[in-house]
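Notes for the one structure printed next.
The values are calculated or read from the model by the stated rules, or taken from the named source; none is laboratory data. Source: prediction; values computed, not measured. All Cβ positions, even for glycine, are placed from backbone atoms using ideal geometry, and neighbour counts span all protein chains on display. Accessible surface is based on the protein model in full, side chains and every heavy atom, while ligands, DNA and RNA are left aside. Shrake-Rupley method; radii C 1.70, N 1.55, O 1.52, S 1.80 Å.
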Amino acid sequence: MKRLSRLVPRSLPFNLLALALAVLPLAGCSAPPEEPASAPEPGPAIDLHGYRMVDLTYAFDEDTVYWPTATSGFELEELAHGTTPAGFFYSANAFHAPEHGGTHMDAPIHFADARRTVDEIAVDRLVGPAAVIDVAEKAAADPDYRLTLEDVTAWEEEHGEIEMGTIVLLRTGWGEHWPDRKTYLGDDTPGDASNLHFPSFGEEAVQMLIADRGVAMIGVDTASIDHGPSTDYPVHQVAAKANIPGLENVAQLDLLPATGAWVMALPMKIGGGSGGPVRIVGFIPR
């Protein structure tokens with residue numbers, strides 16, 4: 001598969017270097033050293049003063065929702081907290097957690113052999129324009145609702161065709177149930193994932209988004225990119241075979257517009273990992 005940087009039009013006013021250069025003044029940092037004269041010119045910088053940033057990530061703590069079959073949750077172990085013998089304050093912790101829980105990324109290797117691990121996902125696939133498809137009303141009527149091809153077609157009729165390199169986010173409204181495991185997952189029986197109920201993507205819609213639209217990533221505000229009752233996880237399989245990462249338990253999707261926002265989703269870079277915690281930031285035009 002070609003790198004995303006070769007697929008997205010170069011005229012788009014956004015790249016990682018431009019973002020970094022724009023953020024430094026806001027953070028009160030000095031600019032990086034000048035590049036050698038032979039270095040290529042960066043693309044036009046995006047002025048972050050023209051964007052409102054929103055956090056699309058749940059905090060990791062004792063309430064974090066994990067898949068029912070996970071044998072543990074998030075644990076924060078205090079190693080030090082207090083004044084040292086030398087008189088200064090010092091705090092440090094160790095944390096322990098499964099890869100797949102809370103706001104996290106599924107790497108393609110999660111459901112397809114010989115596909116990318118989380119550390120192998122190119123960074124240019126982790127940043128892109130967002131298309132937010134809202135099925136909250138349908139999901140409220142049917143907790144097992146799956147995004148259909150007709151839903152995507154209707155969205156495109158209103159907002160235009162989804163462009164190559166887009167990060168498609170599905171808003172089901174399920175975030176209102178976080179972190180209540182029983183309502184969020186549909187069942188809170190420990191060790192049992194056979195009676196889950198929540199909405200998500202449908203296989204046919206995702207096949208179209210990947211094959212015909214060339215999306216960079218998909219994400220949803222529920223516990224899985226497959227709906228709750230799934231037992232063979234077809235959406236995971238389709239996405240993973242195409243080396244498409246998935247975002248799960250995305251927070252505050254109601255804050256993003258259908259189009260116009262950008263998303264940055266940076267996972268913990270776990271060597272050989274099948275996924276991991278991710279910090280997702282949305283950039284919304286003011």
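Which of the residues belonging to the stretch 170-187 are at negative phi and either of a type in the set (D, E, K, R) or more than 19 Å from the chain's Cα centre (by Cα) (or both)? Residues satisfying the conditions are R171, E176, D180, R181, K182, T183, D187. The residue that is nearest to G214 (Cα to Cα), counting only those in the stretch 265-286 that are open to solvent by 30 Å² or more (accessible area, probe 1.4 Å) and aliphatic (A, V, I, L, M), is L266. Tell me yes or no: at least one residue of the stretch 139-152 is more than 15 Å from the chain's Cα centre (by Cα), under 28 Å from S72 (Cα atoms) and not aromatic (F, W, Y). Within the stretch 139-152, one or more residues are more than 15 Å from the chain's Cα centre (by Cα), under 28 Å from S72 (Cα atoms) and not aromatic (F, W, Y). Could you tell me whether any residue of the stretch 61-72 is exposed (fewer than 14 other Cβ atoms within 10 Å of the Cβ), modelled with pLDDT of 95 or more and touching a Gly at 6+ places or on another chain (Cβ under 8 Å)? Within the stretch 61-72 (the criterion being exposed (fewer than 14 other Cβ atoms within 10 Å of the Cβ), modelled with pLDDT of 95 or more and touching a Gly at 6+ places or on another chain (Cβ under 8 Å)), the answer is yes, since at least one residue qualifies.
Take S30 and tell me if it is polar (S, T, N, Q), open to solvent by less than 100 Å² (accessible area, probe 1.4 Å), modelled with pLDDT of 95 or more and more than 30 Å from K182 (Cβ to Cβ). So that I can check it myself, show each step before the final result.
Working: polar (S, T, N, Q): yes; open to solvent by less than 100 Å² (accessible area, probe 1.4 Å): yes; modelled with pLDDT of 95 or more: no; more than 30 Å from K182 (Cβ to Cβ): yes.
In short, no.
Figure legend. Inter-residue proximity from the stretch 228-242: first residues farther than 12 Å from E203 by Cα, second residues among the β-branched types (V, I, T) and at pLDDT 95 or above, beta-carbon distance below 7 Å, spacing 6+ or different chains. Indicated pairs: A242/I210.
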